[in-house]
Amino acid sequence: MPQATSRPAAYAARLHGVSKAFVPRRPVLDGVDLAVRAGEIHALLGENGAGKSTLMKILVGLLRPDAGSISLADAPVDLDRFTPAEAVRRGIGMVHQVSALVPAMTVVENLAFGDARAGLWFHPRRARRAAERLAARFQLEVSLDRRVEDLAMGERQRAEILRALGRGARLLILDEPTSVLTPREAEALFASLRGLRDAGRAVIFISHKLSEVEAVADRVTILRQGKATASLSAREADARELGRLMLGRDVPPLERPARTPSVAAPALEIRGLCAPGLSEASRLREIDLRLDPGEILGIVGIDGNGQRELEEVLAGVRRPTRGDVCVGGRRIAPRPRALRAAGLAHLSGDRDGAGLISAFTLAENWILKGSHDDRRFFRRGWLDRAAARRAARAAAERFGIVPADPDAPIASLSGGNAQKLAVARELDGDPSVLVAVNPTRGLDVGSARFVHDELLARRRSGGAVLLISTDLDEVLALSDRITALVRGALAAVPPGSDRAAIGAILLGEAAA
Amino acid sequence: MSSLARGPAALVRDAVPPTLAVLGALALVGVFVALLGYAPGRALTALLRGSLGSGAAWTATLLKASPLLLTGLAVALSFRCGVWNIGAEGQLLVGALCATAVATRTLPGAPAALVLPAVVLAGAAGGALIGAVAGALRATRGVNEVISTILLNFVAIQLVALAVHGPLQEAAGAYPKSDALPAAAMLPAIGRLHGGLAVALALAFATQLLVFRSAIGFRLRAVGHAPRAARFAGISPELYGWLVLALAGGLAGLAGAFEVAGVTGTLYERISPGTGYTAIAVALLARLHPLSVIPSALFFGALEAGAGAMQREAGVPAVVAQMVQGLVVLLSVGLSVARPPRARGLRTPEPKRGID
């Protein structure tokens, strides 16, 4: 329960000189100051590894800082007794990227669930009235009686925010909240956040998307390498300046020179492809597409509309029920080795699951996909460890992967460095087609830029790239042509469509 | 670690936690023994004398270690591939059964040079077959191998019982045991030490090469760490799970053949004192490294060999040795979790999804 105060607090949270090091002399946080006023949306901006995660874990009571002080609602916090439960009691509510709601329960049930005041018994009507009052008070529109699993992501997120508010949160922390939303849902979220701000709640909005920060934040604090490099009013800074503050250098805009249409045979052609899906909505229905050499074709869509299934078919691990996949004009059996041999490479954003093995070393990951046919590393059934190490070290040095140690396990690399290794490996055989699926998911701006530059370099040198991504900005920035994947079928996106128009197509609202 | 390079320093570092686990378990059991009113010093002395104190004691230790080495390798190989094979016991029993059947029923009068290889191969094949049954169920029907291998252990126990009460029962028909194996079917031996021990040692080196130097080993480790990533790399987790269960079954079946053809000379119902279950402890203490299974098997072999002496000389019940076994496993698994690997110390593990 929030503490009743006679006058409203000026600051929802103030952190002063917060430091944390997991290893001596390697601080993850180094004297960070963060001041969040009551009634403001405060963006926390920073690359992966900048310390955002650690800072927020300290604020929600999961970690204890080595030095520094915290006050909440102008009252100091005893850090020795600051547990997650105490943080909730003091009005901090965390809204996670991945929903912490129980999917099979209704919104009302979820709101009552785990509420300390509810007592031992569940009173359906009382719980429903409480939920109604809460939703009305903060003007958050949620279908209270539907199960969470039936809600769209945007509504699910509103339910999650409601739950935090229902527990008395006066400071909401949202962790990359737009990563699962369509552009329209993101707009609605921003409107909700503004409403909360006007109701006197404070919001910490974690993001690495500069445009969102500009759109919604009142103030911005930028973290770089464990230090708060700046804290400024959002109106003072433009995206470019924020990017410089975040990275410590200028990020020039991507350049994508115009393409001369190719007359050669298509690099990749898919005809009448159908494949079973994880859900009815993600079953692939009659996919037809053509990808030319020197072209980037963007396939945009919301998660769960068949992206994963299409990726798996093109990687050879999901059997299509019907249809052909042709690489360089030849029909290829959709098996992993056959597709790879035909010149189709696969770069996954699901690095841990589909691309790399985190317990394996750099060298072992470098040779992972060649264990059946790569004579450089596997001969007569034996593994040439020296050759694998040499090749991995060379690649690591060429692409600036840290550490450039072929015997280091992937688990010891940052996400950006791991993805660099995956990119280097996939491009190593000079494939004619690269299927890149959410290639920058979870990466910091610098690493994402590296991946984008590599994709554009492929295109320049005549390679074809199929970019399947849920990140609309990424698809818009890189693609020569865009098509949408909606409920397992491709939907045309007219050239020159803007974000709003594409958003409508993704929601299936475009005029048929 | 699955690093391609494993220098001497890494070997020493990897040896620390298991050693601590062994010492810790002995100390804890010592305290327990003292609380029960026995003299822990005398118990330990008796244990050591019974396992390492004389030529005969060493022989007993090595004879106990031999099947533990083979079944330990079987378990280590399976676990490396992410296959939780609890069936080494059953695979050993079926191996012993098939070896006995070949030796006493199929080839009693065959040329001497043929008999022993046939008996040994029959044991390996029998174990491999029952392992492959679990592998096939797993690969085609998705049956969890923990369940299937445990249940197949019971099948194997009953198969042996059926055989020694029926088709394989001795000609005299007095006891539920098989005829004695003909001399040609027995392993060559020095004193009581049979040649199977040398084969087991050679197989430890072979398994080490298979796991860390061969393409097949590379693939099965890939499957063990990340089946989905392995599938994307063109490696079928089902195929390798099946293969590894067959290979492990072969190793355990060999252990069974060596028991009848090297130690007992006959098949009877309780031929295995839970060797296939102790094998899990052997493999875990060795941290699934085939070469480390050698010292691990020796340790557990010594424990079994010394337990009898401990009961005779110090009056401490032999089951105390089983407590040591259990505690060693708990401590070694606990220590390996508690000790962060070198690389992990540098940074907190990245949350799967979360802030950042």
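Values for this structure:
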{"read-out": "Test set (1) within 14 Å of chain B (Cβ to nearest Cβ); (2) open to solvent by less than 20 Å² (accessible area, probe 1.4 Å); (3) at pLDDT below 90 - A:Ala387 fails condition number", "value": "(3)"}
{"read-out": "Residues being in a loop (DSSP other than H, G, I, E, B), within 14 Å of chain B (Cβ to nearest Cβ) and surrounded by fewer than 23 Cβ atoms within 10 Å (Cβ to Cβ) - total across the range A:407-438", "value": "5"}
{"read-out": "Extreme residue, farthest from the other protein chains (Cβ to nearest Cβ), among residues of the range A:350-376 that are open to solvent by 10 Å² or more (accessible area, probe 1.4 Å) and part of a loop (DSSP other than H, G, I, E, B)", "value": "A:Arg376"}
{"read-out": "A:Leu223 vs. criteria crowded, with 20+ Cβ neighbours inside 10 Å, part of a helix (DSSP H, G or I) and in contact (Cβ under 8 Å) with a residue 60 or more places away in the chain", "value": "no"}
{"read-out": "Qualifying residue in the range B:129-148 (condition: of a type in the set (S, T, N, Q), in contact (Cβ under 8 Å) with a residue 24 or more places away in the chain, open to solvent by less than 60 Å² (accessible area, probe 1.4 Å) and assigned to a helix (DSSP H, G or I))", "value": "yes"}
{"read-out": "Residue check for B:Val102: in contact with a strand residue (DSSP E or B) (Cβ under 8 Å, 6 or more places away or on another chain) and hydrophobic (A, V, I, L, M, F, W, C)", "value": "no"}
{"read-out": "Restricting the range A:52-87 to residues that are part of a helix (DSSP H, G or I) and over 30 Å from the mean Cα position of the chain (by Cα), the residue that is farthest from the other protein chains (Cβ to nearest Cβ)", "value": "A:Arg81"}
{"read-out": "Tally of residues being in contact with a Pro (Cβ under 9 Å, 6 or more places away or on another chain) and modelled with pLDDT of 75 or more across the range A:232-268", "value": "3"}
{"read-out": "All positions within the range A:143-179 that are out of contact with any Leu (no Cβ under 8 Å at 6 or more places or on another chain) and small (Gly, Ala, Ser)", "value": "A:Ala152, A:Gly168, A:Ala169, A:Ser179"}
{"read-out": "Every residue from the range A:378-396 that is over 14 Å from A:Asp428 (Cα atoms) and either under 30 Å from the mean Cα position of the chain (by Cα) or not charged (D, E, K, R) (or both)", "value": "A:Phe378, A:Gly381, A:Trp382, A:Leu383, A:Ala386, A:Ala387"}
{"read-out": "Helices (runs of 4 or more DSSP H) wholly inside the range B:152-242 that include at least 1 residues being under 22 Å from the mean Cα position of the chain (by Cα) and small (Gly, Ala, Ser)", "value": "B:196-213, B:215-225"}
{"read-out": "Subset of the range A:188-214 [of a type outside the set (A, V, I, L, M, F, W, C) and more than 16 Å from the chain's Cα centre (by Cα)]", "value": "A:Ser192, A:Arg194, A:Gly195, A:Arg197, A:Asp198, A:Gly200, A:Arg201, A:Glu214"}
{"read-out": "Pairs, first not in a helix (DSSP H, G or I) in the range B:307-334, second not aliphatic (A, V, I, L, M), C-beta under 8 Å, six or more apart", "value": "B:Gly315/B:Tyr38; B:Val316/B:Tyr38; B:Pro317/B:Gln311; B:Ala318/B:Gly308; B:Ala318/B:Gln311"}
{"read-out": "Index of the failed condition, A:Arg271 passing every other in (1) of a type in the set (Lys, Arg); (2) at pLDDT 90 or above; (3) under 30 Å from A:Arg184 (Cβ atoms)", "value": "(3)"}
{"read-out": "Residue among A:Ala491, A:Ala457, A:Ala448, A:Ala500 that is surrounded by fewer than 17 Cβ atoms within 10 Å (Cβ to Cβ) and free of Cβ contacts under 8 Å to residues at least 60 places away in the same chain", "value": "A:Ala457"}
{"read-out": "Among residues of the range A:465-478, those that are touching a Leu at 6+ places or on another chain (Cβ under 7 Å) and crowded, with 21+ Cβ neighbours inside 10 Å, counted", "value": "6"}
{"read-out": "Matching option when the condition is surrounded by 13 or more Cβ atoms within 10 Å (Cβ to Cβ) and at pLDDT below 85, among A:Met153, A:Met105", "value": "A:Met153"}
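The values are calculated or read from the model by the stated rules, or taken from the named source; none is laboratory data. Just so you know, these numbers come straight off a predicted model, no measurement behind them. Cβ sites come from the backbone with ideal geometry, for glycine too, and all protein chains shown count toward neighbours. Surface accessibility is based on the protein's heavy atoms, side chains included, excluding ligands, DNA and RNA. Shrake-Rupley method; radii C 1.70, N 1.55, O 1.52, S 1.80 Å.
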